[in-house]
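Before any comments, here is the structure.
The values are calculated or read from the model by the stated rules, or taken from the named source; none is laboratory data. Just so it is clear, the model here is predicted, and its values are computed rather than measured. Reconstructed Cβ throughout: ideal geometry from the backbone, glycine too, with neighbour counts over all protein chains shown.
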Amino acid sequence: MSDRTLNDGLLDVAVVGAGFSGLYLIHRLSRLGFSVKAFDSAGDVGGTWYWNRYPGARCDVESMQYSYSFDDGLQQDWNWSERFATQPEILAYARHVAERFDLKRFVQFNTTVTRADYDETTQSWTLATDKGERIRARFCVMATGCLSASRIPEIPGAASFAGEIYHTGAWPHEPVDFGGKTVGVIGTGSSAIQAIPELAEQAGHLYVFQRTPNFSVPARNAPLTPDEIARWKSDYPALRKRAREETRSGTIYEFAVKSALEATPEEREAEYQRRWDKGGANFMHAYNDLVVNEQSNETAADFVRRKIREIVQDPQTAELLTPTDYPIFTKRICVDSDYYATFNRPNVTLVDIRRDPIEAITPVGLVTRSAARYGFDALVYATGFDAMTGALLRVDIRGEGGASLRDKWRDGPKAYLGLMSAGFPNLFMVTGPGSPSVLSNVIMSIEQHVEFITDCIDHMRSKGLARIDADVGAEERWVAHVGEAAAGTLLPKAASWYMGANIPGKPRIMMPYVGGVDRYRRICSEVAAKNYEGFVLA
Ligand code: FAD
Ligand code: N01
């Protein structure tokens, strides 16, 4: 394929995005001898970690696991400093990878892909960018991220606010000084839960506008000791293999083998306390049925609720912070550093905007339905993302016969294995809807998808094939399977962004595949081994 590229300006592969997905794609494809070019709206590599620079931003998967596993030299050489790495450190890691494997030369930064059209006669894609360019490629891979389309809700008067405005997912590059200022934060999801303790340290006063309280467990972050690092590095290949092949989330935790209902109340209390003290998302693996059995789930939820009431001194504030109307773990569990204790500070006020919703934003703050007014100098939207489908559908993607992906997905995303949507030949997605993606250690899922996609393109080259599409029947069966897998769990019980519930009008469908990365990986490997069963190659 590559020789022709040089002759007629047709790339083998165009990649949209230069986060961890895009970088690994470029690495694999260029090493396999394909011509490849990537585009990113950002000014540098890193994706999520380029954009989310809010104070307190860090990962919730332990650093020794939240990193690439494809190159042993890389994982041996790189040193993480803390149990949960900060955003600057993860961004430095992405830059290190780009430099180490000489990847930046393949990326055009500050460039947004706005449209992609498939042409059946040439079996290729034409991408249009906001710079007015047209790029032609045989294959297009959307490495656009599951949590990259940041979203500001439509609130009347929003444009009138005269103070500083921020979104956690598009934070400025220069440090923001909140010293002594009155700050308003809308949202109490993972981003807010990380940012609020830090903002409270700086601000004169912090108003937190909460619609739905969230469950959060302490991170107990700490510097990594040389012993801890050595323990991982001495056994990295085997540990990574275990995470990939034997865990549902692509992450090694202390997995329990029994139901919460098999333990006595005293045993449960001791186990939850032990895990609470240890910190991190390990808490959710205390028993093996916490996401499938409502009664078991309630024992964990009740433990966290009691912790909130213990930590937060003002009973009314504690009550407001306590989630009661959805099971724990049905939204991504938050991992925090002193979140609940922050509400004991005299300069922090929690405002319940479920009972008294925001009516409008004003030039100096906001007003609620009951006419309560809150004034602030800076407004931080911690209001999340149009997750999983947002970044894909912001691009006007046109497949066979000019059909639009936006139209096809109007009632919910449809994709075979989350990798390809029928009618959009030669267009792959990394961690697309219908894959485990956001329910996992995402870098592990990225590696698996990138390896599947690049192996498939390589296979096609070796067989002289030019076109691949998902079979409609295979796609329908996969979408049904994704729905059935979700229905066997408690996850659909929460109005989460997994379900599209955070976006008014978005179809309520469980988008990620809850079957587990171990099982999903086996299915993908079988599909590839059976000559890409469920795909149509020509
Ligand atoms: P991204 O990193 O989102 O990169 C996609 C890139 O595509 C972006 O740079 C974007 O600018 C670009 N792009 C999108 N559309 C276009 C377009 N049309 N034209 C040009 N460029 C485009 N996951 C975990 O497993 N553990 C964690 O602890 C964790 N913490 C997170 C914390 C935050 C604050 C957020 C938001 C997400 C977190 N995630 C975490 C998920 C995280 O998104 C993934 O782990 C991973 O970084 C995704 O990499 P990616 O390359 O697939 O996507
Ligand atoms: O976004 P969210 P996020 N009026 O959607 C509120 C990953 N991540 O950026 O719940 C008022 O979770 C909304 O309220 P409600 C992680 O996967 C990881 O925090 O809809 N409020 C909610 O409180 C995470 O799950 C880390 O009632 C409005 C908040 O805004 C994902 O990214 C850190 C509103 C949005 O929460 C997204 O997290 C950060 C409105 N109109 C992110 N609209 C780690 O720790 C929205 N809200 C690794």
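Of the helices (runs of 4 or more DSSP H) lying entirely inside segment 1-96, those containing at least 2 residues that are within 16 Å of ligand 2 (Cβ to nearest atom), out of contact with any strand residue (DSSP E or B) (no Cβ under 7 Å at 6 or more places or on another chain) and touching a residue at least 40 places away in the same chain (Cβ under 8 Å) span 20-31, 48-51. Considering only residues that are small (Gly, Ala, Ser) and within 12 Å of ligand 1 (Cβ to nearest atom), which ones fall in segment 419-457? Across segment 419-457, the qualifying residues are 432, 435, 437, 440, 445. Which of the residues that make up segment 97-113 are exposed (fewer than 14 other Cβ atoms within 10 Å of the Cβ) and either within 13 Å of ligand 1 (Cβ to nearest atom) or not basic (Lys, Arg) (or both)? Once the filter is applied, which keeps residues that are exposed (fewer than 14 other Cβ atoms within 10 Å of the Cβ) and either within 13 Å of ligand 1 (Cβ to nearest atom) or not basic (Lys, Arg) (or both), segment 97-113 yields 99, 102, 110. Only one of the listed residues (249, 216) is modelled with pLDDT of 95 or more, in contact with an Asp or Glu (Cβ under 6 Å, 6 or more places away or on another chain) and closer than 28 Å to residue 291 by Cβ. That residue is 216. Taking the conditions (1) surrounded by fewer than 16 Cβ atoms within 10 Å (Cβ to Cβ); (2) among the charged types (D, E, K, R); (3) more than 22 Å from residue 35 (Cα to Cα) in turn, residue 82 satisfies each one other than (1).
For segment 467-518, filtered to residues that are of a type in the set (Ser, Thr, Tyr) and within 16 Å of ligand 1 (Cβ to nearest atom), the residue that is farthest from residue 154 (Cα to Cα) is 513.
Report yes if residue 528 is surrounded by fewer than 19 Cβ atoms within 10 Å (Cβ to Cβ), in contact with a helix residue (DSSP H, G or I) (Cβ under 8 Å, 6 or more places away or on another chain) and touching a residue at least 60 places away in the same chain (Cβ under 8 Å), otherwise no.
In short, yes.
The single condition among (1) at pLDDT 95 or above; (2) more than 15 Å from ligand 2 (Cβ to nearest atom) that residue 175 does not satisfy is (1). If the condition is being surrounded by 24 or more Cβ atoms within 10 Å (Cβ to Cβ) and without any contact (Cβ under 8 Å) to a residue 60 or more places away in the chain, then segment 420-449 contributes only 421. Of all residues in segment 187-212, those that are within 7 Å of ligand 2 (Cβ to nearest atom), under 20 Å from residue 61 (Cα atoms) and small (Gly, Ala, Ser) total 4.
Inspect segment 457-477 for any residue being under 22 Å from the mean Cα position of the chain (by Cα) and either crowded, with 16+ Cβ neighbours inside 10 Å or within 19 Å of residue 190 (Cβ to Cβ) (or both) and give the result as yes or no.
Checked segment 457-477: no residue is under 22 Å from the mean Cα position of the chain (by Cα) and either crowded, with 16+ Cβ neighbours inside 10 Å or within 19 Å of residue 190 (Cβ to Cβ) (or both).
With respect to residue 118, is the statement that it is at pLDDT 95 or above, part of a helix (DSSP H, G or I) and of a type in the set (Phe, Trp, Tyr) true? Considered against the rule, which asks whether it is at pLDDT 95 or above, part of a helix (DSSP H, G or I) and of a type in the set (Phe, Trp, Tyr), residue 118 comes out as no. If we scan segment 450-472, do we find a residue that is without any contact (Cβ under 8 Å) to a residue 40 or more places away in the chain and not in a helix (DSSP H, G or I)? Yes, the conditions are met somewhere in segment 450-472. Entry remark, segment 32-66: residues being of a type in the set (A, V, I, L, M, F, W, C) and near ligand 1 (Cβ under 9 Å from one of its atoms) number 9 in total. Within segment 105-119, the residues that satisfy the criterion of being farther than 16 Å from residue 141 by Cβ and either out of contact with any Lys or Arg (no Cβ under 9 Å at 6 or more places or on another chain) or within 16 Å of ligand 2 (Cβ to nearest atom) (or both) are 105, 109. Summed over segment 381-402, the residues that are more than 10 Å from ligand 1 (Cβ to nearest atom) and among the basic types (Lys, Arg) give a count of 1. Taking residue 331 as the residue in question, decide whether it is touching a residue at least 12 places away in the same chain (Cβ under 8 Å), of a type in the set (Lys, Arg), closer than 29 Å to residue 62 by Cβ and within 16 Å of ligand 2 (Cβ to nearest atom). It is true that residue 331 is touching a residue at least 12 places away in the same chain (Cβ under 8 Å), of a type in the set (Lys, Arg), closer than 29 Å to residue 62 by Cβ and within 16 Å of ligand 2 (Cβ to nearest atom).
Yes/no per residue for (1) surrounded by fewer than 20 Cβ atoms within 10 Å (Cβ to Cβ); (2) in contact with a Cys (Cβ under 8 Å, 6 or more places away or on another chain):
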site: 118; (1), (2): no, no
site: 125; (1), (2): no, yes
site: 131; (1), (2): yes, no
site: 136; (1), (2): yes, no
site: 139; (1), (2): no, no
site: 152; (1), (2): yes, no
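When residue 357 is tested against (1) away from ligand 1 (no atom under 16 Å from the Cβ); (2) surrounded by 15 or more Cβ atoms within 10 Å (Cβ to Cβ); (3) within 24 Å of residue 150 (Cβ to Cβ), only condition (2) is not met.
Scanning segment 522-538 for residues that are touching a strand residue (DSSP E or B) at 6+ places or on another chain (Cβ under 9 Å), assigned to a loop (DSSP other than H, G, I, E, B) and not hydroxyl-bearing (Ser, Thr, Tyr), which turns out nearest to residue 436 (Cα to Cα)? Applying the filter and picking the extreme gives 534.
Among the residues of segment 38-54, the ones that are over 16 Å from residue 168 (Cα atoms) and not aromatic (Phe, Trp, Tyr) come to 6 in all. Restrict the check to segment 267-280 and report whether at least one residue is among the polar types (S, T, N, Q), without any contact (Cβ under 8 Å) to a residue 60 or more places away in the chain and in a helix (DSSP H, G or I). Yes, that holds for at least one residue.
Residues of segment 362-406 that are polar (S, T, N, Q), assigned to a strand (DSSP E or B) and in contact (Cβ under 8 Å) with a residue 60 or more places away in the chain: 362 alone.
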